[in-house]
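Reading through the structure tokens given below for one structure.
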Amino acid sequence: MLKKPEQESPKEYFAHETAVIDNGCKIGKGTKIWHFSHVMPNSVIGENCNIGQNVVISPDVVIGNNCKIQNNVSVYTGVVCEDDVFMGPSMVFTNVINPRSAVNRKAEYMKTFVKKGATFGANCTIVCGITINEFAFIGAGAVVTKDVAKYALVVGNPARQLGWMSEFGHRLSFNKNGLAICPESQEKYHLRDGKVIKS
């Protein structure tokens, strides 16, 4: 009697037919990977992520749950992202501080840590070896060269802090007592000793 071939278990994520998913990747349930994107070996992508067109995710990158990566983004080896991170169109991470074409620096890749809820505006550049803290907001076109504080809004080249943002993405305006209220969520934030804390 002929044995029935074992059926391949159905993928729990969607990848467009033009996307390339290399061996050893782990991709979570409900994630969508669109046209011409390339997920390289041993990368980990969480659940319910949306990876736009022409995105490159290099080997060993870690992406958390519910992240949105817009078109033309490059996420290079050394980047670790927590949940709910938004990466705007054509933004880019780096992983070598002093690249030269003729010098192999693969052993010198630097880590970049992105904490929960951070937002990266279109065309910003993140220089490697730094930490972008929870709910930080990086403005479009910014060039970030140092750590960014929790809830901080940074803009420009080189990026500098302009203010603070709520978890819903609204600019916070603090009163004389250091209190601000998000106009959308009505959540309260306190500014103490140069740090923002949500009530």
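The values are calculated or read from the model by the stated rules, or taken from the named source; none is laboratory data. No experiment lies behind these values; they were computed from the predicted model shown. Cβ sites come from the backbone with ideal geometry, for glycine too, and all protein chains shown count toward neighbours.
Could you check how many residues of segment 74-93 are in a loop (DSSP other than H, G, I, E, B) and either within 10 Å of the chain's Cα centre (by Cα) or not assigned by TED's automatic domain parsing to the domain that holds Ile27 (or both)? Matching residues across segment 74-93 total 6.
Let's see how each residue does on (1) closer than 29 Å to Asn123 by Cβ; (2) modelled with pLDDT of 95 or more; (3) surrounded by 12 or more Cβ atoms within 10 Å (Cβ to Cβ):
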| residue | (1), (2), (3) |
| --- | --- |
| Trp164 | yes, yes, yes |
| Glu167 | yes, yes, yes |
| Phe174 | no, yes, yes |
| Glu187 | no, yes, yes |
| His190 | no, yes, yes |
| Ser199 | no, no, no |
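Where strands (runs of 3 or more DSSP E) fall wholly inside segment 95-199, no range has 1 or more residues that are touching a helix residue (DSSP H, G or I) at 6+ places or on another chain (Cβ under 7 Å) and among the aliphatic types (A, V, I, L, M). On inspection, Asn23 fails the criterion of being of a type outside the set (Phe, Trp, Tyr), over 26 Å from Val96 (Cβ atoms) and either assigned by TED's automatic domain parsing to the domain that holds Gly117 or at pLDDT below 95 (or both).
Tell me yes or no: at least one residue of segment 105-113 is of a type in the set (Asp, Glu) and at pLDDT 95 or above. No, segment 105-113 contains no residue that is of a type in the set (Asp, Glu) and at pLDDT 95 or above.
Of everything listed in (1) of a type outside the set (S, T, N, Q); (2) without any contact (Cβ under 8 Å) to a residue 12 or more places away in the chain; (3) buried (at least 18 other Cβ atoms within 10 Å of the Cβ), the single unmet condition for Val85 is (2).
Within segment 140-199, being in contact with a Ser or Thr (Cβ under 6 Å, 6 or more places away or on another chain), assigned by TED's automatic domain parsing to the domain that holds Ala122 and among the aliphatic types (A, V, I, L, M) holds for one residue alone: Val143. The condition (being buried (at least 18 other Cβ atoms within 10 Å of the Cβ), within 18 Å of the chain's Cα centre (by Cα) and basic (Lys, Arg)) is satisfied by just one residue among Lys115, Lys111, Lys146: Lys115.
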